[in-house]
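Student: First the structure, which I've put down as structure tokens, then a few questions once you've had a look.
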Amino acid sequence: MSDSLDQFAQAKLDGLEAKGLLRRLTVTERTGPIEILRGGRKLISFSCNDYLNLSQHPAVKQAAKDAIDRLGVGSGASRLVTGDHPLLPELESRLARLKGTEACAVMGSGFLTNTGVIPTLVTEGDLVLADEWSHACIIVGGRLSKADQHLFRHNDLHHLRALLEKHRAAHRHCLIVTDGVFSMDGDLAPVHDLAALAREYDAWLMTDDAHGIGVVGAGGRGSTFAGGTKAEVDLQMGTLSKAVGGYGGYLCASKPVIDLMKTRCRTLVYSTGLPPATVAAAIAALDIIESDPEYAARPLKKAQRFTRRLGLPLAESPIVPILLGDAARTMAAQKTIEDAGYLVVGIRPPTVPEGTARLRLTFTAEHSDVDIDKLADLIADKILTGEEPFRASS
Ligand SMILES: *Cc1c(COP(=O)(O)O)cnc(C)c1O
């Protein structure tokens with residue numbers, strides 16, 4: 001056994017602990033649409049990304065059980081070998097329809113989708129321009145691609161244009177990539193303007209709609225549809241693990257692009273196909289989303305009720321950040337809220353930029369207005385005590 005390995009790990013841990021940045025897993029049991037059990041205590045969660053509470057929905061659970069009975073627990077191999085069970089193409093055509101694209105490729109997770117798709121599209125000699133607040137797996141995907149990657153300031157079209165002016169001509173292909181709904185801030189990317197810039201500079205536009213599908217845009221069709229008209233987004237990726245309630249990732253795009261993914265995207269080709277139960281659950285979840293647009297609209301309405309009550313900028317998605325800045329203060333705030341029976345998990349660097357530790361709240365269809373108001377008042381009275389004006393990051 002290597003001593004230097006353990007010494008390395010321990011030194012890293014000690015360094016993180018000293019900075020208040022050591023993270024630990026906490027066993028959490030989800031015991032209902034909004035309740036969780038932690039350390040023997042029942043709490044109402046304002047931290048799950050299960051915006052429509054579909055992970056707990058009886059019809060979704062039943063669909064997963066039926067799929068196990070019919071097709072077994074696992075898919076048994078990569079989709080290109082024997083893992084392409086009949087539920088996968090069914091889910092793909094459902095997602096393509098929802099997103100208004102020709103085709104779709106489903107794979108292991110959102111993280112795997114970004115780290116597989118981006119290197120399939122760009123490589124050495126190409127250019128990736130990503131919003132600086134993009135999810136970690138976009139940045140990792142860009143790095144894996146070996147393309148030149150630059151970050152543009154958050155939602156700053158002038159900065160993006162300046163980078164295009166400076167770098168575009170010297171590269172073969174250019175991919176502009178951004179969260180459609182920003183995961184830690186809840187604001188939306190200006191997708192129409194980004195699409196226009198992409199056309200102007202012959203660049204491809206990719207959005208990560210992990211937090212958009214199911215809850216943003218009419219009928220939960222996502223950030224591409226948030227403005228009322230469909231934006232020209234070439235590549236819409238997302239996850240089935242948030243509003244859709246289960247697990248898995250997808251890319252919706254044109255048929256040639258999807259055909260390319262199915263033969264070259266390493267995280268699809270060299271990884272086992274999603275289990276039948278997971279895919280069946282996603283199809284059942286999409287049934288609910290597509291049949292009940294009012295239900296899909298509820299999480300955003302709940303978030304807006306909260307931001308109105310606290311005088312924060314009106315929520316654009318079910319995610320609401322309350323920036324506290326300091327990591328220790330944020331974790332103390334989490335504790336105060338937890339003592340009152342609510343779970344709001346504090347988010348610290350490196351998940352968010354240095355100095356922007358925050359409470360990140362997520363609102364879901366089944367949260368009651370009573371709980372939302374109580375939580376808002378608790379935060380106003382006990383956390384944002386009035387000595388300082390509180391900032392929203394967007
Ligand atoms: C959660 C998230 C992902 C990762 O999706 P998983 O399916 O959980 O791997 C990717 N992008 C964004 C913006 C996310 O919030």
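Student: All but one of (1) farther than 16 Å from SER134 by Cβ; (2) modelled with pLDDT of 95 or more; (3) surrounded by fewer than 20 Cβ atoms within 10 Å (Cβ to Cβ); (4) in contact with a helix residue (DSSP H, G or I) (Cβ under 9 Å, 6 or more places away or on another chain) hold for GLY228, so report the exception by its number.
Tutor: (2)
Student: Could you check how many residues of segment 27-56 are touching a Gly at 6+ places or on another chain (Cβ under 8 Å), in a strand (DSSP E or B) and open to solvent by less than 60 Å² (accessible area, probe 1.4 Å)?
Tutor: 2
Student: Go through segment 105-130 and give me each residue that's away from the ligand (no atom under 15 Å from the Cβ) and open to solvent by 10 Å² or more (accessible area, probe 1.4 Å).
Tutor: PRO119, THR120, LEU121, THR123, GLU124, GLY125
Student: Could you check how many residues of segment 131-152 are within 13 Å of the ligand (Cβ to nearest atom) and without any contact (Cβ under 8 Å) to a residue 24 or more places away in the chain?
Tutor: Within segment 131-152, residues that are within 13 Å of the ligand (Cβ to nearest atom) and without any contact (Cβ under 8 Å) to a residue 24 or more places away in the chain number 1.
Student: Quick test for you: out of ALA282, ALA297, pick the one residue that is surrounded by fewer than 24 Cβ atoms within 10 Å (Cβ to Cβ) and under 18 Å from GLY245 (Cβ atoms).
Tutor: Result: ALA297 is the single residue among ALA282, ALA297 that is surrounded by fewer than 24 Cβ atoms within 10 Å (Cβ to Cβ) and under 18 Å from GLY245 (Cβ atoms).
Student: Follow-up question, since we're still on this one. Quick one: in segment 155-167, of everything that is in contact with a strand residue (DSSP E or B) (Cβ under 6 Å, 6 or more places away or on another chain) and in contact (Cβ under 8 Å) with a residue 12 or more places away in the chain, which residue is nearest to the ligand (Cβ to nearest atom)?
Tutor: LEU160
Student: Here is a list: LEU268, LEU274. Which entry is open to solvent by 10 Å² or more (accessible area, probe 1.4 Å) and not small (Gly, Ala, Ser)?
Tutor: LEU274
Student: Can you tell me which residue within segment 131-150, out of those that are over 15 Å from ASP208 (Cα atoms) and touching a His at 6+ places or on another chain (Cβ under 9 Å), is most open to solvent (accessible area, probe 1.4 Å)?
Tutor: Ranking the candidates gives ASP148 first.
Student: Follow-up. Being within 16 Å of the ligand (Cβ to nearest atom) and open to solvent by 60 Å² or more (accessible area, probe 1.4 Å), is that true of even one residue in segment 246-256?
Tutor: Taking every residue of segment 246-256 in turn, at least one turns out to be within 16 Å of the ligand (Cβ to nearest atom) and open to solvent by 60 Å² or more (accessible area, probe 1.4 Å).
Student: Only one residue in ARG24, ARG97, ARG70 is open to solvent by 70 Å² or more (accessible area, probe 1.4 Å) and assigned to a loop (DSSP other than H, G, I, E, B), so which one is that?
Tutor: When all the criteria are applied, what remains is ARG24.
Student: Return the pair list, or none, for Cβ contacts closer than 7 Å from residues in segment 271-286 that are in a helix (DSSP H, G or I) to residues that are among the hydroxyl-bearing types (Ser, Thr, Tyr), at least 6 apart or on different chains.
Tutor: Short answer, once both residue conditions are applied: PRO276/SER75; THR278/TYR247.
Student: Output yes when any residue across segment 195-211 is touching a Leu at 6+ places or on another chain (Cβ under 7 Å), of a type in the set (Asp, Glu) and open to solvent by 10 Å² or more (accessible area, probe 1.4 Å), and no when none is.
Tutor: no
The values are calculated or read from the model by the stated rules, or taken from the named source; none is laboratory data. Please read all numbers here as calculations on a predicted model, not as lab measurements. Reconstructed Cβ throughout: ideal geometry from the backbone, glycine too, with neighbour counts over all protein chains shown. Side chains included, ligands, DNA and RNA excluded: accessible areas come from the protein's heavy atoms. Shrake-Rupley method; radii C 1.70, N 1.55, O 1.52, S 1.80 Å.
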